[in-house]
Amino acid sequence: MHRVFRLLDESLLRRGVFLTILTIGLLAPAATTARLQSKEQEPADVKNKDTGKAPAAKEAEKNKEKLAKAQAGAIKLSPPEILAETVIFAYGGRAALQAARASVSEKGTIRVATEQGDVTGTFTLRRVQKEKSWQDLFRTDLEIETPESAQRPGSPAKVKFTMTFNGASVWGAQNDQYISPAQESELAFRSQLVHDYTTLLRYKEDGSKLDLIGPETVVGIDTQVLDLTLPDGEKTRFWISAKTYRILHLEYQIKLPNGSTPRIRVSYYPPYKVVQNTLVPARRVMEQDGKFVQEINLSQIAYSAKLDPDIFVHLP
């Protein structure tokens, strides 16, 4: 997230195209493409004998009932907190999530909408968890196939991009050369740190405020809608399956320097993978103001990864 590079080359730059990096992309108003046609459905797990087991939906429901009964005792949880704690349990539990996701490495493919049509590529995401979500070290590396319509004689068939938050500031690179990200790019990239499904899993550690909006049926699926507000006022709305307690969608807005406030929606689809007893959505689709922006499919996921801290400081 995570977040916008103006590229692929000068011809695309003149057309005002923005390329998205992972889950943090914004398209210029004219850069549209057909929406991804994907029937929404309840998540189905991908069986993986090597990665352990996450709680089943019935176990999550029992845990929710247990939390509700505990209100008569010393522990007092509000209805939105009970829902959030049930979601955390469904994703593996707080202890497992904190241990496994202290350092993260994810690799996969990405498809991005541009005025020249969809472009595809590969990406790597690396993240080191700090005390608060917005303090995490975060880096994305993307290699995009240059569209034929944008290629020029002697230009590379692929373009490499890097954006990184080092704990204090954002820096970027294109084709292994450092660049100064545009202000809107930095804003969008940093928003990925706090507008993600994992932000709800860390609501207590972040000191976030929760508000239960109520039930809503989305494409035939019963959900509970929950608003999360960070201490600085940043807000994310979550749609949570009433059956599995998994996060199906989230929405947020970004205020750009030009005064516009595009609405971003991220949806999480099957397959779900279990890594170190925590649940991971492997397919993620982003829309901006109702238009398809990008799709990510994870193929390699490593938690408790050994990451060299230097990768957040400079190009290797």
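For segment 93-112, how many residues meet the condition of being within 15 Å of the chain's Cα centre (by Cα) and part of a loop (DSSP other than H, G, I, E, B)?
Within segment 93-112, residues that are within 15 Å of the chain's Cα centre (by Cα) and part of a loop (DSSP other than H, G, I, E, B) number 1.
If LEU256 satisfies all but one of (1) at pLDDT 95 or above; (2) aliphatic (A, V, I, L, M); (3) surrounded by fewer than 21 Cβ atoms within 10 Å (Cβ to Cβ), what's the number of the condition it fails?
Failing condition for LEU256: (1).
Provide a single number: the residues in segment 266-290 that are closer than 20 Å to PHE189 by Cβ and more than 10 Å from the chain's Cα centre (by Cα).
Summing the residues that are closer than 20 Å to PHE189 by Cβ and more than 10 Å from the chain's Cα centre (by Cα) in segment 266-290 gives 3.
In segment 167-218, how many residues are surrounded by fewer than 17 Cβ atoms within 10 Å (Cβ to Cβ), modelled with pLDDT of 95 or more and assigned to a loop (DSSP other than H, G, I, E, B)?
Residues flagged as surrounded by fewer than 17 Cβ atoms within 10 Å (Cβ to Cβ), modelled with pLDDT of 95 or more and assigned to a loop (DSSP other than H, G, I, E, B) within segment 167-218 amount to 1.
Would you check if LEU230 is of a type outside the set (Phe, Trp, Tyr) and farther than 24 Å from ASN166 by Cα? Spell out the reasoning first.
Values: of a type outside the set (Phe, Trp, Tyr): yes; farther than 24 Å from ASN166 by Cα: no.
Considered against the rule, which asks whether it is of a type outside the set (Phe, Trp, Tyr) and farther than 24 Å from ASN166 by Cα, LEU230 comes out as no.
If you check GLU85, GLU115, GLU131, which single one turns out to be modelled with pLDDT of 95 or more and part of a loop (DSSP other than H, G, I, E, B)? Step through it out loud before you land on a result.
Working: GLU85 fails: part of a loop (DSSP other than H, G, I, E, B); GLU115 fails: modelled with pLDDT of 95 or more.
Answer to the selection: GLU131.
The values are calculated or read from the model by the stated rules, or taken from the named source; none is laboratory data. This structure is a prediction, so every number in the text was calculated from the model and none was measured. Counting neighbours? That spans all protein chains shown, and the Cβs are built from the backbone with ideal geometry, glycine included.
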